[in-house]
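A short write-up of the structure that comes next.
The values are calculated or read from the model by the stated rules, or taken from the named source; none is laboratory data. Just so it is clear, the structure is predicted and the values come from calculations on it, not from any experiment. Quick reminder, even Gly has a Cβ in these numbers, built from the backbone with ideal geometry, and neighbours come from all protein chains shown. Surface areas here come from the heavy atoms of the whole protein model, side chains and all, with no ligands, DNA or RNA. Shrake-Rupley method; radii C 1.70, N 1.55, O 1.52, S 1.80 Å.
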Amino acid sequence: MKKSLLALAVLGAFAGAAQAQSSVTIYGIVDTGVVYQSKVATANGGTGSKFGLNSGIIQGSRIGFKGAEDLGGGLSAVFNLEAGFSNDTGGLQGSDATTGSNLFRRKSVVGLAGNFGTVLLGRQTDFADTISAYTAVQDFGGWVNNSGSGLDRLQGTRTNNSISYTTTNLSGFTGNLMYGFGETAGQTSAGQSFGVGGKYDNGPLGLGINYYQSKAGSTPSDVSLIPATSTTASVNTLSANAGSSAQKVLNVAASYQFGPARVYGNYSRVKQDLNTQANLTAIGVGSLTTVTNRTLARSNKADIYEIGTAYSLTPSLKLLAAVDHTRATFDGVDNKAKLTQVSLGTDYWLSKRTDLYAFLAYTKASDLVNPGVSDSTGNDGNQGAVAVGIRHKF
């Protein structure tokens with residue numbers, strides 16, 4: 001009996017030690033608001049206003065699990081799984097066309113962390129997502145997605161089958177390398193991607209730079225190359241020009257805190273060399289001579305500029321403003337397309353985890369499809385939108 005009690009006591013001690021050396025955290029964000037949009041295309045081809053309840057206006061609603069296990073000697077095993085959902089309907093957020101289900105579509109990584117830095121393997125964002133903290137994405141989030149930051153990866157575009165290495169903080173500097181496997185037999189370059197980036201933080205100053213390049217293939221690691229639908233034509237397009245560069249993105253961002261005001265600016269260059277007229281007509285989008293086909297996603301090249309500020313009236317209340325301007329070129333089109341969005345907003349924190357926000361925006365497009373501010377394409381050269389919402393973090 002005494003031996004049994006002693007054994008149980010020893011097992012309990014080991015269990016307690018093991019539990020103390022590892023941890024798992026459940027976290028999430030629920031972000032929802034009422035959105036008004038003007039000049040939205042109606043079912044009969046007309047134009048009308050639209051009201052809706054939208055999820056993820058600033059940040060996508062999500063639930064996640066992350067953890068770490070102390071392996072000793074300063075080494076830890078880490079993981080992070082994150083699923084996105086639409087709070088307005090309760091449904092999980094979509095899937096890639098070539099994947100049956102993306103439960104943890106936002107993030108799915110496992111790796112090691114230590115004094116050398118962090119190595120992660122799985123589905124993850126590149127370093128553009130990290131330096132977006134120096135841009136309007138930090139305050140407006142998805143509200144500025146359609147004006148260019150959705151194309152230049154600052155909103156957090158995922159890379160499948162990827163491995164990344166991030167250094168520790170080296171006197172304010174943090175560096176990152178990423179590689180995505182195309183997983184194509186006999187052709188390593190098909191579908192592969194790679195990225196390199198860094199940031200520097202020194203008191204009120206923040207600087208960031210990132211370069212990302214991805215290549216076409218039947219199983220592209222860059223999810224932005226996966227078509228929205230899995231039709232035969234779309235799948236065939238994935239294999240066309242396998243191994244050729246499909247997207248090249250350069251981001252440069254800077255932010256400075258002047259007392260209560262954060263002032264920032266950034267520039268991005270996006271090149272999509274495979275977006276030729278033949279490439280576009282092959283997937284049934286029609287002739288590029290009509291403006292209905294000129295979307296940012298189909299451009300050959302886009303230059304994206306942004307300036308903005310966030311002013312703290314009080315520790316709880318911020319006033320926000322940003323201007324985003326994009327210039328794009330298309331194959332077979334002489335005119336350079338232009339898109340401008342002006343965004344204003346206010347954000348009031350009721351606590352450390354809950355805030356109320358109100359945004360308005362005006363977007364104007366010329367020689368380009370107006371992508372709209374929120375979830376609906378503008379049926380005119382310009383569109384206005386207003387959002388009022390609540391965000392809770394747990």
* Extreme residue, positive dipole direction of the chain, given options Asn146, Phe85, Tyr305 (C-beta unit charges) -> Phe85
* Asked: Quick one: if the Förster radius is 30 Å, what FRET efficiency do Ala228 and Ser366 give, using the C-beta to C-beta distance and rounding to 0.05?
  -> 0.70
* To do: State the answer as a single residue: which of Ser49, Thr314, Tyr27 lies farthest towards the positive end of the charge dipole of the chain, with beta carbon charges of +1 for Lys and Arg and -1 for Asp and Glu, about the Cα centre.
  => Tyr27
* Set of aspartates and glutamates near Lys336 by C-alpha distance (under 15 Å), chain-local residues within fewer than 8 positions excluded -> Asp303, Asp367
* Structure fact -> Any aspartates and glutamates whose Cα falls less than 17 Å from that of Lys318, other than same-chain ones fewer than 8 residues away, would be Asp139, Asp347, Asp355
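So for the chain, considering every pair of alpha-carbon atoms, how many percent are separated by more than 39 Å?
Details: 15653 of 77421 pairs.
Value for the chain (Cα pairs over 39 Å): 20 percent.
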* To do: Pop a pseudo-label 7 angstrom from the Cα along the beta-carbon direction at both Tyr305 and Ala43 and give the gap in nm to one decimal.
  => 4.3 nm
* Can you give me the relative contact order of the chain as a percent, contacts being Cα pairs under 8 Å and 6 or more apart? -> 14 percent
* Anisotropy class of region 103-148 from Cα gyration tensor, a/c 1.5 cut -> oblate
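Counting only heavy atoms of the protein chains, get the accessible area per residue of region 44-120 (1.4 Å probe) and round it to a whole Å² value. Could you put the intermediate results ahead of the total?
Working: 3940 Å² over 77 residues.
With the other protein chains kept in place, region 44-120 gives 51 Å² per residue.
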* To do: Order these peptides, 307-316, 269-278, by their mean beta-carbon neighbour count within 10 angstrom, highest first.
  => 269-278, 307-316
* To do: Given the peptides 350-357, 185-192, 220-227, arrange them by the average over their residues of other C-beta atoms within 10 Å, most packed first.
  => 220-227, 185-192, 350-357
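Among 334-344, 137-147, what's the highest-first ranking by average C-beta atoms within 10 angstrom per residue? Don't skip to the end; give the middle numbers.
Values: 334-344: 17.5, 137-147: 24.2.
The peptides rank, most packed first, as 137-147, 334-344.
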* Roughly to the nearest percent, how much of the accessible area of the chain is carbon and sulfur, given a 1.4 Å probe? -> 59 percent
* Asked: Which residues in region 292-312 place their backbone N less than 14 Å from a point set 7 Å from the Cα of Thr329 along the Cα-to-Cβ direction?
  -> 299-304
* Structure fact -> Taking the dipole of region 313-394 about the Cα centre (Lys, Arg +1; Asp, Glu -1; charges at Cβ), the one of Leu360, Val373, Tyr348 that reaches farthest to the positive side is Tyr348
* **Under 21 Å from the Cα of Lys199 - lysines, other chains or at least 8 residues apart** => Lys248
* To do: Estimate the FRET efficiency between Ser23 and Val252 by the formula 1/(1 + (r/R0)^6), using the beta-carbon distance for r and 25 Å for R0, to the nearest 0.05.
  => 0.10
